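Here is the structure we will look at.
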Amino acid sequence: MELHTIEQAAAAFIAQTPLNAAAEIKLTQIYDQPLVGVASAADPMFAMLKADTIVGEQHKLPDDWLPAAQSVVAYFLPFSQAVREANRQGGQPAVEWLYARIEGEIVSNALRKFLVEWFEQAGYQAVAPGLDSRFTVVNRKSNWSERHVAYVAGLGTFSLNRSFITRAGAAGRLGSVVVSAAIAPTPRSYQSYDEYCSQCGACIRRCPPQAIDETGKNNELCARYLDSTAERYKPRYGCGKCQTGVPCEASAPVVTDH
Ligand code: SF4
Ligand code: SF4
């Protein structure tokens with residue numbers, strides 16, 4: 001199985017699915033074309049994620065999800081220009097961002113399901129942890145962190161504000177599927193966990209509750225702010241000011257090919 005075959009299938013799904021729009025707010029496109037990266041299921045970095053200082057002991061290995069696991073396919077769905085531009089103003093989250101955050105996750109779940117079925121039709125086994133009944137989130141910590149998986153799969157690095165920066169930026173959503181197909185892993189073109197972040201500090205000034213400083217993000221303050229948006233915008237919520245109107249919105253500020 002070749003990476004470009006998977007990329008083509010994922011891109012065709014996103015281009016064709018009617019879910020990738022929100023007609024009620026005249027948003028014709030939630031996501032641009034996905035980036036796809038692959039990790040070997042045997043990559044020792046998956047076991048490292050169990051450290052308390054990284055994700056935690058609850059984080060499952062690829063073969064916990066699928067005993068025949070050979071590879072992990074991770075993707076990044078970049079938000080469209082319309083979504084990103086709308087959220088560049090300060091203050092309240094843009095309605096386009098709120099839809100992209102919630103309806104956008106429905107699109108991402110549809111892509112997870114599509115990829116599982118696509119691999120199965122090709123004769124392989126596949127599991128999307130994010131859709132699996134064993135997937136848990138306890139105290140805001142999951143047993144399958146899409147950001148950490150994307151890091152292992154060569155898609156990008158973390159950042160000052162604990163977002164994930166890809167070559168298509170930070171504004172978007174991540175997902176993954178564990179498969180029994182052997183696929184060549186995507187090289188990680190970075191050596192440190194936050195290499196794509198320039199530490200410019202622009203996100204510090206963008207954060208409404210001042211949850212970000214030079215040392216990183218206060219998760220509790222951010223979560224409390226997100227909860228407050230849920231009260232105002234039910235059934236939606238979101239913020240994303242630290243991912244829009246900043247240098248890492250739609251590209252990686254620092255890329256050094258090692
Ligand atoms: S705005 Fe600057 S400091 Fe903040 S995450 Fe992006 S690149 Fe890093
Ligand atoms: S999502 Fe909003 S509240 Fe949370 S860190 Fe980013 S800007 Fe701050």
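Quick look at the values:
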{"quantity": "Residue within the range 227-234 that is away from ligand 1 (no atom under 16 Å from the Cβ), under 25 Å from Glu103 (Cα atoms) and part of a loop (DSSP other than H, G, I, E, B) present", "calculated": "yes"}
{"quantity": "Residues of the range 2-23 classified as open to solvent by 50 Å² or more (accessible area, probe 1.4 Å), under 16 Å from Tyr99 (Cβ atoms) and touching a residue at least 12 places away in the same chain (Cβ under 8 Å), total", "calculated": "1"}
{"quantity": "Test: residue in the range 196-214 that is out of contact with any Lys or Arg (no Cβ under 8 Å at 6 or more places or on another chain), at pLDDT below 95 and away from ligand 1 (no atom under 13 Å from the Cβ)", "calculated": "no"}
{"quantity": "Residue list for the range 235-249, filter: within 16 Å of ligand 1 (Cβ to nearest atom), open to solvent by less than 50 Å² (accessible area, probe 1.4 Å) and in a loop (DSSP other than H, G, I, E, B)", "calculated": "Cys239, Gly240, Thr244, Gly245, Val246, Cys248, Glu249"}
{"quantity": "Residue ID - most open to solvent (accessible area, probe 1.4 Å), chosen from residues in the range 69-127 that are charged (D, E, K, R), closer than 22 Å to Ala41 by Cα and in contact (Cβ under 8 Å) with a residue 12 or more places away in the chain", "calculated": "Lys113"}
{"quantity": "Residue list for the range 212-253, restricted to those being out of contact with any Cys (no Cβ under 8 Å at 6 or more places or on another chain) and aromatic (Phe, Trp, Tyr)", "calculated": "Tyr233, Tyr237"}
{"quantity": "Residue under evaluation Thr157, criteria (1) of a type outside the set (Phe, Trp, Tyr); (2) away from ligand 1 (no atom under 11 Å from the Cβ); (3) under 27 Å from Pro34 (Cα atoms), criterion not met", "calculated": "(2)"}
{"quantity": "Residues within the range 185-226 that are of a type outside the set (Phe, Trp, Tyr) and not in a helix (DSSP H, G or I), tallied", "calculated": "26"}
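The values are calculated or read from the model by the stated rules, or taken from the named source; none is laboratory data. Computed from a prediction, not measured in an experiment: that's the story for all the values here. Every residue, glycine as well, gets a Cβ built from its backbone with ideal geometry; the counts of neighbours run over all protein chains shown. Just the protein is used for accessible areas: all its heavy atoms, side chains included, with ligands, DNA and RNA removed. Shrake-Rupley method; radii C 1.70, N 1.55, O 1.52, S 1.80 Å.
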